[in-house]
Amino acid sequence: MVITSGSELEKTLPLSLLGPTFMPVPLYGFLQGDTVGLLILADDGDTLEALARKLQAAASLRVAARDPLRVVYHDKIMDPAMTVAQAGFEALDRFDVLSGSK
Amino acid sequence: MLTREEWLPLARKLDWDYSYVREDEVFPEVISGRPWLPHSEWKDWEESFKTSYREYVDNQYEKDMAVQAVHDAVGRIENVEKLALPWLNSLKVHAAALPLAEFTGVVGNLRGARFGRDSAWRTMATFGALDEYRHTQIPLLLFHPLLRLDSQFDWAHKFYHTNNWFAVAARHFFDELTVGQNAIEFHIATNVVLETGFTNLQFVGLASLARESSDHMFERMVTSIQTDEARHAQIGHPVLATVMKHDPKYAQYLVDKWFWRNWRLFSILTGLSIDYLTALEQRPYSFKEFMEEWIIDQFLRTLDEFGLEKPWYWDLLLDELDIYHHMIYASAYSYRATLWFNFVIPGPAERKWLRQKYPKYWDDMDAVWEQISERWRTVGPGPANEFAVHGTAMPTFCDLCQLPLSAGTPRKNTARVLVHEGRKYIFCSEPCQWIFLREPERYASHTDIVKRVLSGEAPAQLPNLLTEYFNLTPDTWGKDVHNGDYEWLGARKDSAA
Ligand SMILES: [Fe+2]
Ligand SMILES: [Fe+2]
Ligand SMILES: [Zn+2]
């Protein structure tokens, strides 16, 4: 078994689970097609479109990015131009991203 | 001198009326369990083995010698080295999850040995405790020396002493099942649900996988353990029958709750072993086929025998047979460095088999594996690229089972958010939320890995989380067994068709 050292790891990869800076709204994101929910840290000012892209990027190992994207929150399809704050997202809420035409 | 037939009943059934204390002080409800009933309601408690201590010791000695003989013949490192790679990793899963879980069974049985409501029950629980010591020591003895072969076997001792996410989930389960449990709930949950309901997964299912994989040591070990389980599992049946007579709703609740909790854990332990960590040509059946034949049917018969109903979530459970462990495996593969064993990608032949066995949702799973394979194709194989084919965002966990939010289907994840007394919780599924809401005082203060990271208790940087919190090292954390070097990966996916 070949050994990868911890420091080598930090050099080669962006491995912070929470991103480089702590942002205020941790959310549970579920991308359609994925096998697990992911913790996404949103900025209040992020648009829902940007939030959906974040989730897509976070899940890209398992799910190919597809357009168009729809953000679902409390069973409603949201306006993607709305910000996280405007949409009323609170910490540890769930949101879903549906993608592709189907 | 008394004959065996004369003294054994005297020794096994030795109850008396208390004159200095009340019976409910000797057997407080909080630790003996409910419903609290006077001994007159328990006095007919009986089991059929009626073993004496001497017979117990003679029998166990024979069994231990038989295991030792197999160990000497085929249990050495040279033998283990020859096992197929996926199976070796299934062994690592069990080497970690099994021994100290059995040890918590010692604690649970000792609770029954003191707080069980009839002396024959207490006698049998004493043997049960000795059995569970055996089930701790044998796998430790067999697995831990394999550390010389592979450092991931270190987790035989280490696993439950870490805050690894899977250890947190397994501890949450076993602590409730055994360590922190009253005698009545312990014996119903452990003997009736786990040992009668799910034990076949381990002892019939795994034993036959081990045989197919030519792992005669493991096969012999679980078969030998099973002979003990079959005996002490008898304790739970008369306990459940009495609870059923006095409080059938509570009996139903305990069975529903524990069947679900067991399902969550065993679908991972055994599901991954059968459908992914056994070489394709050595899989005698799929996990689903095995569940249907050996668990579902038998459990329904047990329910019938006691006059219990099917759990309310039955249809949901049957649906999960097709998908839950597949979602867990793909998620775990993509976060493999957070675990202590190695993973294999199902190749075209495996995926064809999986599609045949699991037609209902396999399209969605196939897309996931195709995407992961594509990443390996892009970055190329090799240990240096392990983390380029690894998740980087924080995965999320259920506030009841503590397992990943991987329930439902890839199209529709069934996770649900609940606000309880001003705090937010999330559950993977409706049954997990239902269990939480039945006994919130028991579960509400436990924090899952995500909340530990958010509160700063656990590090947010993956390397630190792995090494400082999950107790892994570059040596022991999980990798792809082939480091992405699969022959079929070079070829396009249409070779799967
Ligand atoms: Fe055991
Ligand atoms: Fe047991
Ligand atoms: Zn759950």
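Structure summary
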{"item": "11 Å beta-carbon shell around B:Lys43, net charge (K/R +1, D/E -1)", "result": "-3"}
{"item": "Hz values of 3J(HN,Hα) by residue in the stretch A:56-73 - Karplus curve (6.51, -1.76, 1.60), Gly and Pro given as x", "result": "4, 5, 5, 9, 5, 5, 10, 10, 5, 5, 9, 10, x, 9, 10, 9, 10, 9"}
{"item": "Residue-normalised accessible area of the stretch B:398-447, expressed per residue, 1.4 Å probe, Å²", "result": "39 Å²"}
{"item": "A/B buried area, accessible surface, summed, 1.4 Å probe, Å²", "result": "3900 Å²"}
{"item": "Drop in accessible area of at least 40 Å² in the complex versus isolated chain, residues of the stretch A:36-70, 1.4 Å probe", "result": "A:Val36, A:Leu39, A:Leu61, A:Arg62"}
{"item": "For B:Asp58, solvent-accessible area (1.4 Å; no DNA, RNA or ligand), Å²", "result": "80 Å²"}
{"item": "B:Arg351, A:Arg66, reordered so the largest accessible area comes first (probe 1.4 Å)", "result": "A:Arg66, B:Arg351"}
{"item": "Apportionment of accessible area to carbon and sulfur, the protein assembly as shown, percent (1.4 Å)", "result": "55 percent"}
{"item": "Rounded accessible area of B:Leu316 (nearest 10 Å², 1.4 Å probe)", "result": "60 Å²"}
{"item": "Surface per residue (accessible, 1.4 Å probe) for the stretch B:250-393, Å²", "result": "30 Å²"}
{"item": "Alpha carbon centroid spacing (whole Å) that separates the stretch B:117-179 from the stretch B:267-286", "result": "23 Å"}
{"item": "Cα gyration tensor shape of the stretch B:355-488, rounded if a/c is under 1.5, else prolate or oblate by comparing a/b with b/c", "result": "oblate"}
{"item": "Helix-only CD estimate at 222 nm, as mean residue ellipticity for chain B, using -39500 (n - 2.57) per DSSP H run (n ≥ 4)", "result": "-15500 deg cm²/dmol"}
{"item": "Listed residue pairs exceeding 21 Å between alpha carbons, taken from B:Lys257/B:Lys360; A:Lys54/B:Lys479; B:Lys288/B:Lys360; B:Lys13/B:Lys63; B:Lys245/B:Lys310; B:Lys63/B:Lys92", "result": "B:Lys257/B:Lys360; A:Lys54/B:Lys479; B:Lys13/B:Lys63; B:Lys63/B:Lys92"}
{"item": "Cα centre as origin, Lys/Arg/Asp/Glu Cβ charges: chain B dipole, Debye", "result": "860 debye"}
{"item": "Selection from B:Trp312, B:Val67, A:Ala65 lying farthest towards where the dipole of the protein assembly as shown points positive, charges on Cβ", "result": "A:Ala65"}
{"item": "Debye, to nearest 20: dipole size of the protein assembly as shown, +1 on Lys, Arg Cβ, -1 on Asp, Glu Cβ", "result": "720 debye"}
{"item": "Accessible-area value, B:Ser214, 1.4 Å probe, nucleic acids and ligands omitted, Å²", "result": "70 Å²"}
{"item": "Per residue accessible area of the stretch B:95-138, 1.4 Å probe, in Å²", "result": "24 Å²"}
{"item": "Cβ-placed point charges (K, R +1; D, E -1), dipole of the stretch A:20-99 about Cα centre in debye, nearest 20", "result": "300 debye"}
{"item": "Positive-end extreme of charge dipole, the protein assembly as shown - chosen from A:Leu48, B:Phe166, B:Leu98 (charges on Cβ)", "result": "A:Leu48"}
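The values are calculated or read from the model by the stated rules, or taken from the named source; none is laboratory data. None of the values given here were measured: they were computed from a predicted structure. Neighbour counts are summed over all protein chains in view; Cβ atoms, including those assigned to glycine, are modelled from backbone coordinates with ideal geometry. In case anyone asks, the SASA skips ligands and DNA or RNA and just uses the protein heavy atoms, side chains included. Shrake-Rupley method; radii C 1.70, N 1.55, O 1.52, S 1.80 Å.
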